[in-house]
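Enquirer: Here you go, one structure.
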Amino acid sequence: MSGSVVRRGKSSWRAKFEAGRDPVTGKRVTRYVTVRGSRKQAQAELVRLLAQVEDGTAVNPSKLTVAAYLRGWLEHNPDLSPKTLERYRQLAEQQIIPYLGATPYKG
């Protein structure tokens, strides 16, 4: 995977990187992320994002909602005891998802 960091403003940087391939078309998917701060911080963020792509944990934040993220996290968290998992699900469904579920998740 490759990427680059380009200055956008006084303290703003644009990280551009390849986020794999589209499974339907086979074309490369390029993502852009704006990072505020120093060039070093922008490069660190680029490295983190590229690592997520390599690990397969990167998601397109514009398509994922808080509700989908929470439900996925609860479904794929084997470290929790069954009772804790049951309580977390109950709290998520009753207290978080009704109010924030449709909000885009920005990871």
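Enquirer: Specify which of the listed residues (Val6, Val47, Val35) is among the hydrophobic types (A, V, I, L, M, F, W, C) and closer than 27 Å to Thr103 by Cβ.
Expert: Working: Val6 fails: closer than 27 Å to Thr103 by Cβ; Val47 fails: closer than 27 Å to Thr103 by Cβ.
On inspection, the qualifying residue turns out to be Val35.
Enquirer: Would you list the helices (runs of 4 or more DSSP H) that sit entirely within the chain and hold 3 or more residues that are surrounded by 13 or more Cβ atoms within 10 Å (Cβ to Cβ)? Before the answer, list the steps.
Expert: Numbers: elements: 39-55, 66-75, 82-91, 97-100.
Of the helices (runs of 4 or more DSSP H) lying wholly inside the chain, those with at least 3 residues that are surrounded by 13 or more Cβ atoms within 10 Å (Cβ to Cβ) span 39-55, 66-75, 82-91.
Enquirer: When Val24 is evaluated against the numbered criteria (1) farther than 19 Å from Tyr105 by Cβ; (2) within 17 Å of the chain's Cα centre (by Cα); (3) among the aliphatic types (A, V, I, L, M), which criterion, by number, is the only one it fails?
Expert: Result: Val24 fails condition (2) only.
No value in this document is a laboratory result; all are computed from the given coordinates. Since the model is a prediction, treat every value here as computed from it, not as a measurement. Every residue, glycine as well, gets a Cβ built from its backbone with ideal geometry; the counts of neighbours run over all protein chains shown.
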